[in-house]
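Written below as structure tokens is the structure these notes are about.
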Amino acid sequence: MIRLDRITMQGFKSFAGKITIPFPKGFNCICGPNGSGKSNIIDALTFVLGTSSARAIRAQRLQNLLFNGARDKKPADFCEVTLYLENDGSIAGYESEIKVSRRVNRSGVTFYKLNGRTVTRSKILDLLANANLSPEGYNIIMQGDVTKIIEMNPKERRGIIDEVSGIAEFDDKKEKAQREMERVEMRVRENMIVVAEKQKLVARMKQERESAEKYKKLGDELRKSRASMLNRKMKDIEEKLSVTEKEDRESDERLAAIDKDLKKAEKDLRENEDLLKKMNEDILKKSRNIEIMRKIDALQTEIIRKKDKIDLNERQASMLRSTERNEAVKDILSGNFSGVHGTFSSLVSTDRKYETALEVAVGRHDKDIVVDDEDIASGCINHLKKRKIGRARFLPLRKLQKRERREYRGREKVIGYLIDFVKYDGRFSSAVKHVLESVLVADNIDTAKRISGFKVVTLEGDLVEPSGEMIGGYYKRKMKDVGFHEIKKLEEENLGLENEITKIEKELAVLKSQEQSESKEVMKLQERKNNVEKAVEDLRKKWKDALEEKIALQGGVSKGKIERARLEASYDNLKVEAEEFSEIKEYYSRSVDELQERVRSLTLEINKLGPVNLRALEEYDVIITEFEELKKKLDKLINEKEAVMKVVEEVSKRRYEKFMETFGEINKNLTQIYHDLAGGAAGLRLEEENNIDSGLIIEASPPGKRVLNLDSMSGGERTLTSLAFLFAIMQHYSSPFYVLDEVDAALDKSNTKKIADLIKKYSGKVQFIVITHNDLTISEADKVFGVSIEGGVSKVFGIEMPQEQPA
């Protein structure tokens, strides 16, 4: 076991010179008068053991430890204390004697040496710890330590067990772990708030993403449906164009054949007419009644001329009918409806100077159909509805409200009222006034723009409305619309010609009856002539039929071209629209109506969705990733919290175990020591069972007395019990030596004797150094050192105690 062999002091407090005190095994006692410097030896021990507090060794500063001088002694420049420990091998790696030194100079600088080599304080503390020595250890009981124990409250006394057991280390770890747990808990709470908010955002974004996905899906389907509808329409148009092109080719081929037939018929007709003319001349030459023959020839020529005129008029009427673009108007005009007079533009005319002004003023009324009354108008409208041809506007003469002319009193010079320059049949007066009454004519737009409240038209075709609207620019004249009125004229003219032909044919029959006396040759010529005339008539009919077929075919071709142009325009428009869906390669195989219904249905579904956040498709992935990261972080923090809690629990468990282990040992020591000391029983207990943070209760029962709490004992009992408690702690430490500084000062002889006997008993196993004034204690010591002071300098000397004489 390690033992304190000796201590050397130089310049330390009251010790001026170098002095060495040897400490043998067993019970060493240091005695001397008050103020001689006994306790300075204990201070020297504490100093060399490495205390960092000057107050612990009764000094304000470390410089105060230096010898301060005396009558014949100078103040020391430094103080040094050296401790010699006898090493039995307990401290591995060191020789049998270990030398520990500490020095302080006047500047307060301190340094340590180990076996003569300068080392750090921590090196010294580590070495001494291996021997269960420390400057704050309970192996040194100073003056007042017993009093402190007595004056402590239970929790302060428990603090001694804390310190002895070393659970301060666990307290530090526990406090650090708890601080860490608080930090982690705060982060967990913060992250839980963030995760909760983010979770709400994820839920909202999930809903928005679902809406966006549905919107996108419906949108894609809508695009595909629209593309399919456009594709179906284009295919339908392609089929119609194919049919139209085929019909056009057939019509062109037929027209070519008809042209060929017409040319042949015209050629044959000219040849037969020339032959007929020659035959007439021959007949005239051979006829006995030349005058009759001439009349007959003249009448026949007149019939031919009039028939040609009829054919011409019919062709012109057909051409006029084919030029009308409005199918509804065309149908009404060609329908032989009574009370229908024609289009408005066909019933009015004017001088060339006012034609442009009239055309602009009439405007949208140019194709209005003038009829007698509203019954005829409604009949025509029902006819158009039934045949599904189109629409037309009608001007019933008896229904139209009469418009009074507004008198112009403006300062601007005008040419006059347009209606005054218009020619028309008086029967149509109400229609003309309805359209043109109060319309003024001006020279130019500069004049017209200064006239207000009137519709003004210029000779160049510019127009100013009563509302102030102005229409103008370059004006291209429309083709003159002769229309229905002109066709009526042609039909009436043909009727007159047919009547004239009938009269001429009657006259021709009379003349021919007068030719009975003609010669056989003339008769033969006449017979041949009649045959030729019949051939001419047949050729004319054939030519007329072919011409009518040609006109009809041309009309059909014209309509076909218009229809083809319309289809091609529609196809081009659809093709442009289809470019928007160029990425779609597959289409629905449905009809246009089905696709239109599908488009309508999808559009309604999309509209029901309301505003859609399409960015949610991308934002959701980002936010869910952030949420998962936050969740992982939170889970990690929760795991970290659980780990810290486990650390806290483990530290608390180890702290409890260490405390209870120390508590049990000290309690055991106290029981034994108090029994050895007083012959009674003593023990320790916690105020709250198993709660190591509750107060410590020291209890004892001196012989013949009940168990008392330390605070309930008499003064001597408290001192004795407190000493027993301190001895129990010292025994727990198992230090190489124990130092007691006047612990028996307050005890009576009886208790002092008990303490001295106890020290004597235990000194066989461990080294004791006791400072005392008490003779009883001194008498029990194995070695006694006396301390005296002369001239302010302490001196130490050994005292030989008289040997006890055997009785």
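The values are calculated or read from the model by the stated rules, or taken from the named source; none is laboratory data. No experiment lies behind these values; they were computed from the predicted model shown. Cβ sites come from the backbone with ideal geometry, for glycine too, and all protein chains shown count toward neighbours. The accessibility values were calculated without ligands, DNA or RNA, using every heavy atom of the protein model including side chains. Shrake-Rupley method; radii C 1.70, N 1.55, O 1.52, S 1.80 Å.
Structure summary
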{"read-out": "Among (1) modelled with pLDDT under 75; (2) open to solvent by less than 20 Å² (accessible area, probe 1.4 Å); (3) closer than 25 Å to Leu497 by Cβ; (4) out of contact with any Asp or Glu (no Cβ under 7 Å at 6 or more places or on another chain), the one test that Gly342 misses", "value": "(1)"}
{"read-out": "Failed condition for Glu586, given (1) within 29 Å of the chain's Cα centre (by Cα); (2) exposed (fewer than 14 other Cβ atoms within 10 Å of the Cβ); (3) among the acidic types (Asp, Glu)", "value": "(1)"}
{"read-out": "Matching option when the condition is closer than 17 Å to Ser134 by Cβ and open to solvent by 40 Å² or more (accessible area, probe 1.4 Å), among Ser779, Ser734", "value": "Ser734"}
{"read-out": "Residue in the stretch 141-164 that is more than 30 Å from Leu684 (Cβ to Cβ) and either surrounded by 15 or more Cβ atoms within 10 Å (Cβ to Cβ) or out of contact with any helix residue (DSSP H, G or I) (no Cβ under 6 Å at 6 or more places or on another chain) (or both) present", "value": "no"}
{"read-out": "Strands (runs of 3 or more DSSP E) fully within the stretch 318-402 counting 2 or more residues that are farther than 30 Å from Asn444 by Cβ and in contact with a Pro (Cβ under 7 Å, 6 or more places away or on another chain)", "value": "none"}
{"read-out": "Members of the stretch 697-712 that are hydrophobic (A, V, I, L, M, F, W, C) and under 17 Å from Ile666 (Cα atoms)", "value": "Ile697, Ile698, Ala700, Leu710"}
{"read-out": "Criterion (in a helix (DSSP H, G or I), surrounded by 13 or more Cβ atoms within 10 Å (Cβ to Cβ) and in contact with an Asp or Glu (Cβ under 7 Å, 6 or more places away or on another chain)) met by exactly one of Leu567, Leu602, Leu630", "value": "Leu602"}
{"read-out": "Lone unmet requirement of (1) more than 60 Å from the chain's Cα centre (by Cα); (2) modelled with pLDDT under 90; (3) open to solvent by 90 Å² or more (accessible area, probe 1.4 Å) for Lys388", "value": "(1)"}
{"read-out": "Residue under evaluation Phe428, criteria (1) open to solvent by less than 20 Å² (accessible area, probe 1.4 Å); (2) without any contact (Cβ under 8 Å) to a residue 12 or more places away in the chain; (3) not aliphatic (A, V, I, L, M), criterion not met", "value": "(2)"}
{"read-out": "Output for the stretch 452-462, where each listed residue is open to solvent by 10 Å² or more (accessible area, probe 1.4 Å) and either among the hydrophobic types (A, V, I, L, M, F, W, C) or at pLDDT below 90 (or both)", "value": "Ser452, Gly453, Phe454, Leu459"}
{"read-out": "Test: residue in the stretch 7-14 that is more than 60 Å from the chain's Cα centre (by Cα), surrounded by 21 or more Cβ atoms within 10 Å (Cβ to Cβ) and more than 22 Å from Val784 (Cα to Cα)", "value": "yes"}
{"read-out": "Residue check, Ala265 within 30 Å of Glu527 (Cα to Cα) and touching a residue at least 60 places away in the same chain (Cβ under 8 Å)", "value": "yes"}
{"read-out": "Long-range neighbours under 7 Å by Cβ, at least six apart or interchain, first residue without any contact (Cβ under 8 Å) to a residue 40 or more places away in the chain and of a type in the set (Gly, Ala, Ser) within the stretch 90-112, second open to solvent by less than 50 Å² (accessible area, probe 1.4 Å) and part of a loop (DSSP other than H, G, I, E, B)", "value": "Ser96/Asn87"}
{"read-out": "Cβ pairs under 6 Å, 6+ apart, first in the stretch 324-351 and closer than 23 Å to Ile562 by Cα, second in a helix (DSSP H, G or I) and of a type in the set (Lys, Arg)", "value": "Glu324/Lys330; Ser334/Arg321"}
{"read-out": "Verdict on Lys503 being out of contact with any strand residue (DSSP E or B) (no Cβ under 9 Å at 6 or more places or on another chain), modelled with pLDDT under 80, assigned to a helix (DSSP H, G or I) and of a type outside the set (Asp, Glu)", "value": "no"}
{"read-out": "Close pairs (8 angstrom Cβ cut-off, 6 or more residues apart or separate chains): in contact (Cβ under 8 Å) with a residue 12 or more places away in the chain and more than 29 Å from Glu800 (Cα to Cα) in the stretch 31-59, acidic (Asp, Glu) and open to solvent by 20 Å² or more (accessible area, probe 1.4 Å) anywhere", "value": "Thr51/Glu136; Ala56/Glu136"}
{"read-out": "Selected residue (only one of Ile698, Ile729 is modelled with pLDDT of 90 or more, more than 60 Å from the chain's Cα centre (by Cα) and open to solvent by less than 10 Å² (accessible area, probe 1.4 Å))", "value": "Ile698"}
{"read-out": "Residues being closer than 23 Å to Ser734 by Cα and open to solvent by 20 Å² or more (accessible area, probe 1.4 Å) - total across the stretch 95-134", "value": "13"}
{"read-out": "From Leu133, Leu83, residue being outside any helix (DSSP H, G or I), modelled with pLDDT of 90 or more and closer than 21 Å to Pro736 by Cβ", "value": "Leu83"}
{"read-out": "Qualifying residue in the stretch 740-748 (condition: part of a helix (DSSP H, G or I) and open to solvent by 70 Å² or more (accessible area, probe 1.4 Å))", "value": "no"}
{"read-out": "Enumeration of residues in the stretch 764-793 that are part of a loop (DSSP other than H, G, I, E, B), in contact (Cβ under 8 Å) with a residue 40 or more places away in the chain and charged (D, E, K, R)", "value": "Asp782"}
{"read-out": "Flag for Leu574 being in a helix (DSSP H, G or I), within 33 Å of the chain's Cα centre (by Cα) and of a type outside the set (Ser, Thr, Tyr)", "value": "no"}
{"read-out": "Count - residues of the stretch 463-490 that are surrounded by 14 or more Cβ atoms within 10 Å (Cβ to Cβ), under 18 Å from Gly342 (Cα atoms) and either at pLDDT 75 or above or among the charged types (D, E, K, R) (or both)", "value": "3"}
{"read-out": "Qualifying residue in the stretch 53-72 (condition: open to solvent by 50 Å² or more (accessible area, probe 1.4 Å), basic (Lys, Arg) and modelled with pLDDT of 90 or more)", "value": "no"}
{"read-out": "Criterion: among the polar types (S, T, N, Q), closer than 17 Å to Glu465 by Cβ and more than 60 Å from the chain's Cα centre (by Cα) - qualifying residue of Ser378, Ser438", "value": "Ser438"}
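So that you can scan it fast, the table gives a plain yes or no per residue for (1) in contact (Cβ under 8 Å) with a residue 24 or more places away in the chain; (2) of a type in the set (Phe, Trp, Tyr); (3) in contact with a helix residue (DSSP H, G or I) (Cβ under 8 Å, 6 or more places away or on another chain):
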site: Gln596; (1), (2), (3): yes, no, yes
site: Thr625; (1), (2), (3): no, no, no
site: Phe659; (1), (2), (3): yes, yes, yes
site: Gly679; (1), (2), (3): yes, no, no
